[in-house]
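Notes follow the structure.
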Amino acid sequence: MKSHILRSTRSSPRRGLLAFPVVAALSATQALAAGGLVSATASGNDGNVPANAIDGSLATRWSNLGSGSWLTGDMGQVKSLKAVDIAWYRGDTRASRFTLLVSMDGTTFTQVFSGTSSGLTASYERYTFSAVNARYVKVTVNGNTQNAWASISEMTVTADTTSTW
Ligand SMILES: [Ca+2]
């Protein structure tokens with residue numbers, strides 16, 4: 001008599017459909033997958049906390065009211081940074097004025113970019129600059145074309161491998 005064993009193992013999961021991990025505290029490896037930032041701090045928030053800006057989800061955001069509000073991301077180590085991608089909350093209906101600054105120690109920052117988002121997309125928009133060694137990247141938001149809110153769905157960095165100096 002034949003017996004049939006129920007197999008719980010299904011066919012191998014399809015690759016290429018992995019979503020970004022959505023967890024409160026990312027390990028360095030996970031964070032690199034999600035956008036290169038291992039933690040985030042900010043000048044304040046309205047309940048939409050800074051970690052929401054580095055969780056890999058465009059459905060969550062960091063928000064704070066007031067021109068000059070800032071969000072700082074930590075890459076966890078010094079890297080050669082050359083671009084920052086930001087997805088602005090409601091970025092398709094308003095343009096945000098902002099500067100990008102970088103730092104080695106999280107205290108002394110140097111500006112590398114100043115400009116205004118396009119106002120055309122709520123998805124990622126890339127801002128590039130000459131490669132610079134840094135561990136921290138800060139975006140300071142000076143309001144938008146509708147109000148004084150700073151609101152970022154996601155911030156990610158593009159960096160070369162760890163500097164060897
Ligand atoms: Ca998010």
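Note on segment 81-113: residues that are exposed (fewer than 14 other Cβ atoms within 10 Å of the Cβ) and either over 26 Å from Ala59 (Cα atoms) or in contact with a Cys (Cβ under 7 Å, 6 or more places away or on another chain) (or both) total 6.
Note on segment 114-147: residues that are closer than 20 Å to Ser63 by Cβ and of a type in the set (D, E, K, R) amount to 2. If only residues of segment 54-86 that are under 21 Å from Ser130 (Cα atoms) and among the small types (Gly, Ala, Ser) are counted, the one that is farthest from the ligand (Cβ to nearest atom) is Ser80.
Highlighted here are the strands (runs of 3 or more DSSP E) found entirely within segment 107-165 that include at least 1 residues which are under 16 Å from Ala40 (Cβ atoms) and of a type in the set (Lys, Arg): 124-144. Scanning segment 117-133 for residues that are over 14 Å from Tyr89 (Cα atoms) and of a type in the set (Val, Ile, Thr), we see that the one that is surrounded by the most Cβ atoms within 10 Å (Cβ to Cβ) is Val132.
On the basis of being on the phi < 0 side of the Ramachandran plot, under 16 Å from the mean Cα position of the chain (by Cα) and within 16 Å of the ligand (Cβ to nearest atom), does Tyr124 make the cut?
Values: on the phi < 0 side of the Ramachandran plot: yes; under 16 Å from the mean Cα position of the chain (by Cα): yes; within 16 Å of the ligand (Cβ to nearest atom): yes.
Judged against the criteria, Tyr124 is a match.
Where a number appears in this text, it was derived from the coordinates with a stated rule and is not lab data. Everything quoted here is computed from the prediction, not taken from an experiment. Ideal geometry is used to build each Cβ from the backbone, glycine not excepted, and the neighbour counts take in all protein chains shown.
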